1. Leaving out ligands, DNA and RNA, what percent of the accessible area of the chain is carbon and sulfur, probe 1.4 Å?
2. Counting heavy atoms of the protein chains only and a 1.4 Å probe, report the per residue accessible area for the range 8-161 as a whole number of Å².
3. Give me the percent relative contact order of the chain, please, defined on Cα pairs under 8 angstrom at least 6 residues apart.
4. Could you compute the net charge surrounding Tyr109? Neighbours are other residues with a C-beta less than 11 Å from the C-beta of Tyr109; K and R count +1, D and E count -1.
5. From the mean inverse distance of alpha carbon pairs (Kirkwood) and the Cα radius of gyration, derive Rg over Rh for the chain.
6. In the range 1-31, what chymotrypsin sites (Phe, Trp or Tyr not before Pro) fall in a loop by DSSP, with at most 13 other Cβ atoms inside 10 Å?
7. Relative to the Cα centre, what is the charge dipole magnitude of the range 32-123, using +1 at the beta carbon of each Lys and Arg, -1 at the beta carbon of each Asp and Glu, and rounding to the nearest 20 debye?
8. Quick check on the chain: helices-only [θ] at 222 nm, where DSSP H runs of length 4 and up contribute -39,500 (n - 2.57) each and the sum goes over total residues. Nearest 500, please.
Amino acid sequence: LLELGSGSSSLYFSKFFNSMTSLETCQDWYSKMLREIPEKVNLKKTDSILGSIKDENIDDYDVILIDPAENRAKIARFLANNKFNGIIFFDNSEWYRKSIKILVSLGYYEIPFFGIKPVEDWVSCTSVLIRDQDMVKILSSDWQELPKFASFNPSNQWDIE
């Protein structure tokens, strides 16, 4: 996972990816995150996320998470021009419709997830952008584990054939 902008998502996604590189521009936030992130997250301080991803081999990553305090349309255009071929998580996608259109024009499908964030009082959206060849990877019904508060009943009488 290449994460553009660190934060709570760094802590969350570190549980699901074997390796993670996270780029951060804010020195205070970078210092705070350094104290909290697991060792397998490679947190890098940078002056420009767009400048830094130009130095990364984006083909080394299966997933890119876009959540920087920086121009996201330029980042989307960079990914388009460099034919990034993985899955994209795009935070606050309701605010960045031009960026989403850039990616959709390349053959990505947008799957929006709307909800109230724990620290805000309005509905926000995170979108997953995915191409045909990756649909099977994330839309499988063979889940590894259920979310923390999900209810599971293996002897559900209404699910017996």
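1. 52 percent
2. Accessible surface, normalised per residue, equals 68 Å².
3. 17 percent
4. Residues near Tyr109 contribute -2 overall.
5. On the way: Rg = 17.2 Å, Rh = 17.2 Å.
Rg divided by Rh gives 1.00.
6. For chymotrypsin sites (Phe, Trp or Tyr not before Pro) across the range 1-31 that sit outside H, G, I, E and B with at most 13 neighbouring Cβ atoms in 10 Å, the list reads Phe16.
7. 300 debye
8. My calculation for the chain gives -7500 deg cm²/dmol from helical runs alone.
The values are calculated or read from the model by the stated rules, or taken from the named source; none is laboratory data. Please read these numbers as outputs of a predicted model, since none were measured by experiment. Here Cβ is always computed from backbone atoms with ideal geometry, including for glycine, and neighbour counts include all displayed protein chains. Note: areas computed on protein heavy atoms with side chains; ligands, DNA, RNA excluded. Shrake-Rupley method; radii C 1.70, N 1.55, O 1.52, S 1.80 Å.
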